[in-house]
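Quick notes on the structure that follows.
The values are calculated or read from the model by the stated rules, or taken from the named source; none is laboratory data. Predicted model only: the values in this text are computed from it and were never measured. Here the Cβ positions follow ideal geometry from the backbone for every residue, glycine too, while neighbour counts run over all protein chains shown. Keep in mind that these areas ignore ligands, DNA and RNA; they rest on the heavy atoms of the full protein, side chains included. Shrake-Rupley method; radii C 1.70, N 1.55, O 1.52, S 1.80 Å.
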Amino acid sequence: MTVTHDAPAPSDQDPRESRRQQGALAGYRVIDAATVYAGPLAATMLGDFGAEVIKVEHPTGDSARTHGWRKHGKGLWWKTLGRNKRTVTAKLSDPQGRELFLDLIRTADVLIENFRPGVFEKWDLSPETLHEINPDLVILRVTGFGQDGPYAQRRAFGTLIEAMSGLAHMTGEPDGPPTLPPFGLADGVSALAGAYAVTMALLHKERGGRGQVIDLSLLEPLLLILGPSPSVYDQLGEVPGRHGNRSPNNAPRNTYLTRDGRWVAVSTSSLSVAERVLTLVGHPEVIAEPWFKSAGERVEHADELDGYVASWIAARDEAEVVAEFDRVGAALAPVYTVHDLMNDPHVIERDIVTTVDDEDFGRLKMQNVMVRMSATPGGIDWTGRDLGADNEEVYVKELGHDLDRIRALRDAGVL
């Protein structure tokens with residue numbers, strides 16, 4: 001049975017008029033007890049579509065608050081990662097902090113945590129304990145390598161998973177080193193998988209089921225999106241390697257430099273697009289070659305095809321290149337910086353980067369919700385809040401604890 005809550009948003013906005021109340025997950029309460037990225041981002045995704053998310057942090061705060069760029073001492077990454085979340089503090093290793101946490105668990109539909117296997121058990125917060133007080137609780141446990149196996153106790157960050165998954169080995173120039181992404185790719189993919197798993201578990205509850213434990217490792221979702229390399233190795237004994245900006249599956253596919261010093265990317269995943277590209281760049285004769293019909297065989301002629309495309313693009317400015325590719329229905333996109341992206345008319349018209357009110361910066365631009373749903377739209381009601389901003393609202397007004405006790409726990413470092 002779904003638990004519903006009428007928690008107020010931390011603003012003057014009437015929560016009944018909030019966009020989040022229209023979301024597909026409105027009425028569900030999510031406790032985000034995770035840190036940094038994968039687990040918290042999964043909670044953000046749930047909050048974007050109506051779930052009431054309460055972020056539970058150690059009194060020192062989630063380190064994501066200070067990661068990356070800051071302005072006036074405020075982390076800009078946190079503003080997005082903490083959006084649509086109310087924030088409370090609790091030292092879970094302290095008996096009094098644990099008591100407050102369990103009071104929250106009694107009211108919750110979902111718990112998200114990403115401590116190493118055994119830590120929650122050490123604090124007497126095992127799934128068995130939590131399900132004793134709330135049998136319907138969905139528990140998402142995010143770790144590097146999963147709750148069991150030889151590597152379960154290894155410390156793991158997304159970088160290490162990007163290395164072990166095969167991503168780094170497959171990324172970069174053929175004669176260069178393995179390449180790691182400059183952002184949390186493994187964490188981001190796992191966050192998507194985590195939000196997906198939670199919604200499946202909530203659907204199971206709606207169909208008469210009970211709560212369950214979701215064991216999510218960073219390794220497995222990333223491995224899944226890397227393509228068929230395990231099957232290729234199993235059946236052919238081949239180890240996919242690095243191809244730079246080329247594709248092992250089709251050609252031409254690369255980035256090319258225009259006359260005015262701008263980079264563009266071209267893809268020819270379908271035969272018809274490949275034909276349009278080669279006709280546009282003045283080499284329709286290659287279309288008649290027997291090998292051109294096969295994407296795999298075109299890869300064997302990538303040097304030749306790349307040369308034709310690169311020469312044509314190098315002789316023209318970006319605007320002409322983009323216009324000509326659009327005219328013939330070929331696939332090309334400029335290589336954007338964030339400045340280019342935020343000034344693109346399509347991005348502006350669709351509000352892909354939206355503007356929200358922020359208590360520190362006034363107006364703040366950030367990514368909008370990632371999917372558009374006609375009947376149950378998502379939305380952003382507020383940005384990442386200060387540490388413990390909702391302690392009294394949640395612990396006193398909603399859970400009924402004495403105000404003086406809560407303030408005493410704060411002074412003692414429990415909150």
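A few notes on this one:
- Number of positions in the range 73-102 that are part of a helix (DSSP H, G or I) and closer than 17 Å to Arg410 by Cα: 7
- Helices (runs of 4 or more DSSP H) enclosed by the range 138-237 - at least 3 residues per element that are in contact with a strand residue (DSSP E or B) (Cβ under 7 Å, 6 or more places away or on another chain), under 21 Å from Glu113 (Cα atoms) and among the hydrophobic types (A, V, I, L, M, F, W, C): 185-206
- Inter-residue pairs, beta-carbon under 8 Å, first without any contact (Cβ under 8 Å) to a residue 24 or more places away in the chain and in the range 215-238, second open to solvent by less than 70 Å² (accessible area, probe 1.4 Å), 6+ apart: Gly227/Pro240; Pro230/Leu223; Val232/Pro240; Glu238/Val232
- Under the condition of being of a type outside the set (Ser, Thr, Tyr) and open to solvent by less than 40 Å² (accessible area, probe 1.4 Å), the residues counted in the range 215-231 number 6.
- Hits in the range 24-40 (condition: over 19 Å from Leu399 (Cα atoms) and either acidic (Asp, Glu) or surrounded by fewer than 24 Cβ atoms within 10 Å (Cβ to Cβ) (or both)): Ala24, Ala26, Thr35, Val36
- Selection of the range 65-91 for residues being of a type in the set (A, V, I, L, M) and crowded, with 21+ Cβ neighbours inside 10 Å yields Leu81, Val88, Ala90.
- Count of residues meeting criterion [open to solvent by 10 Å² or more (accessible area, probe 1.4 Å) and within 19 Å of Tyr37 (Cα to Cα)] in the range 100-140: 5
- Qualifying positions in the range 127-137 - over 20 Å from Pro40 (Cα atoms) and in a loop (DSSP other than H, G, I, E, B): Asn134, Pro135, Asp136
- Close contacts from the range 368-382, counting a first residue that is closer than 17 Å to Ala43 by Cα and a second that is in a loop (DSSP other than H, G, I, E, B) and acidic (Asp, Glu), with Cβ to Cβ under 6 Å and a gap of 6+ residues or different chains, come to Asn368/Asp351.
- Any chance Phe183 is more than 30 Å from Ala333 (Cβ to Cβ), out of contact with any Asp or Glu (no Cβ under 7 Å at 6 or more places or on another chain), of a type in the set (Phe, Trp, Tyr) and open to solvent by 80 Å² or more (accessible area, probe 1.4 Å): no
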